[in-house]
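The values are calculated or read from the model by the stated rules, or taken from the named source; none is laboratory data. None of the values given here were measured: they were computed from a predicted structure. FYI the Cβ positions are ideal-geometry reconstructions off the backbone, even for glycines, and counts take in every protein chain you see. The accessibility values were calculated without ligands, DNA or RNA, using every heavy atom of the protein model including side chains. Shrake-Rupley method; radii C 1.70, N 1.55, O 1.52, S 1.80 Å.
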Amino acid sequence: MDTPSDFDIFLVCPPGLEPLLAAEARENGFAPAEPLKGGVLIRGSWAEVWRANLQLRCATRVLARIASFRAMHLAQLDKRARRVPWAELLRKDVPVRVEVACRKSRIYHAGAAAQRIERAIAEELGAPIVSEATEGAVQVKARIEDDLCEISVDTSGESLHKRGHKPAVGKAPLRETMAALFLRQCGFAGREPVVDPMCGSGTFVIEAAEIAAGFAPGRSRSFAFEDLAGFDATGWAALRGAAQRTIPDQRFYGYDRDQGAISMSSQNAVSSGVAGVTEFACQPISDLVPPPGPAGLVMVNPPYGARIGNRNLLFGLYGTLGSVLKQRFSGWRVGLVTSDAGLARTTELPFLPNGPTIDHGGLRIRLYRTDTLP
């Protein structure tokens, strides 16, 4: 693509967790990795766009900034949108969907602004325009704030939590990107065991095992950038095939009282390539004991009242969880995800100061974490 060799790339993540994504980006060699509201700004070429989609576990999607200009009114937006080198970026045979957000600008009607950009793409490039989310369509996003219009291309396509190698999911699953963020928030770096006593479809256990093994999270899926103009399939294949993998010394354990959940977890571990370092078993919380070997991290996403319907039924479950962990898991750290502060307190675990609340499927959830248990 004959766009500038370096341009702004925005890594999207849930608001409140931007510093965690920034730290991951820096560890993977992306710069400047500046946390902003709703994500992290880096700069780079299309190779960095590919690599970010392939390697970053905590990003929800990757946006490539392709144009930035002032627009005080719709006619000016129309004129300047036509100057964007659409033919260098988009293909005539791939449908395009335009999404616009306006804030504190003289252009305040997002729908009218989207129509102008759509018309510019249709008339200057000839690509088909779609108004609804359509499989295979490339999404162009414009943000007009304080009269500054910034246009980006969504290079990811489907959200990056869809890794492409987890076929079975249960009810109210925690997204893989969120699991990676919470593991990072608990200080997990792949060098200690992880236990999930209510593992559901195995998200925490499998994500931890993949981190330890050095697996690229995007290794099994396709991306929207593969449908952009000038895509270098040979270069992408070389990058994708260059990932280094190791066999971790640690093991990762998931338990659940539902045999169906254990079957799902085991199936997902096989599909993810980590069956050899994960173990799943059907058992209640009361039977939970530390696995042999060094202490590590207990990560758990228990049911919340909003999901179950009757909050009062959950106090016993959280109380039992807290008692078992305090009595049997000395030397371990705990990370617990819930939308209910009262249920978290019921565990009587020595939680550190609260982190941010995060939107998750219409709920406001939070990670409660401890230091090493006495």
So is Arg251 touching a helix residue (DSSP H, G or I) at 6+ places or on another chain (Cβ under 9 Å), in contact (Cβ under 8 Å) with a residue 40 or more places away in the chain, within 27 Å of Gly164 (Cβ to Cβ) and open to solvent by 40 Å² or more (accessible area, probe 1.4 Å) or not?
yes
Report the residue count in the range 329-355 for those that are part of a loop (DSSP other than H, G, I, E, B), touching a strand residue (DSSP E or B) at 6+ places or on another chain (Cβ under 7 Å) and open to solvent by 30 Å² or more (accessible area, probe 1.4 Å).
4
Among the residues of the range 264-282, write down those that are among the polar types (S, T, N, Q) and open to solvent by 40 Å² or more (accessible area, probe 1.4 Å).
Ser266, Gln267, Ser271
What are the residues in the range 303-314 that are open to solvent by less than 80 Å² (accessible area, probe 1.4 Å) and either modelled with pLDDT of 80 or more or closer than 12 Å to Ala344 by Cα (or both), if any?
Pro303, Tyr304, Gly305, Leu314
Pull out all pairs, ordered by first then second residue, where Cβ-Cβ is under 8 Å, the residues are six or more apart or on different chains, the first lies in the range 270-292 and is within 28 Å of Gly319 (Cβ to Cβ) and hydrophobic (A, V, I, L, M, F, W, C), and the second is outside any helix (DSSP H, G or I) and open to solvent by 40 Å² or more (accessible area, probe 1.4 Å).
Cys282/Arg257; Cys282/Asp258; Ile285/Arg257
Need the failing condition index for Pro173 against (1) modelled with pLDDT under 95; (2) farther than 29 Å from Arg364 by Cβ; (3) touching a helix residue (DSSP H, G or I) at 6+ places or on another chain (Cβ under 9 Å), just the number.
(2)
Considering only residues that are among the basic types (Lys, Arg) and open to solvent by 50 Å² or more (accessible area, probe 1.4 Å), look in the range 134-176 and name the one that is farthest from Lys92 (Cα to Cα).
Lys171
For the range 35-65, enumerate the residues that are open to solvent by 10 Å² or more (accessible area, probe 1.4 Å), farther than 17 Å from Ala243 by Cβ and in contact with an Asp or Glu (Cβ under 9 Å, 6 or more places away or on another chain).
Pro35, Leu36, Lys37, Gly38, Leu41, Arg43, Ser45, Trp46, Arg61, Leu63, Arg65
Kindly evaluate Glu34 against the criterion of being in a helix (DSSP H, G or I) and acidic (Asp, Glu).
no
Does Ser201 satisfy being closer than 24 Å to Arg61 by Cβ, open to solvent by 60 Å² or more (accessible area, probe 1.4 Å) and under 19 Å from the mean Cα position of the chain (by Cα)?
no
If you scan the range 101-133, which residues turn out to be in contact with a helix residue (DSSP H, G or I) (Cβ under 9 Å, 6 or more places away or on another chain), charged (D, E, K, R) and open to solvent by 90 Å² or more (accessible area, probe 1.4 Å)?
Arg119, Glu124
Scan the range 177-197 for residues that are assigned to a helix (DSSP H, G or I) and crowded, with 22+ Cβ neighbours inside 10 Å and jot them down.
Thr177, Met178, Ala179, Ala180, Leu181, Phe182, Leu183
Within the range 22-50, of all residues that are closer than 20 Å to Ala189 by Cα and in contact (Cβ under 8 Å) with a residue 60 or more places away in the chain, the one farthest from the chain's Cα centre (by Cα) is Ala23
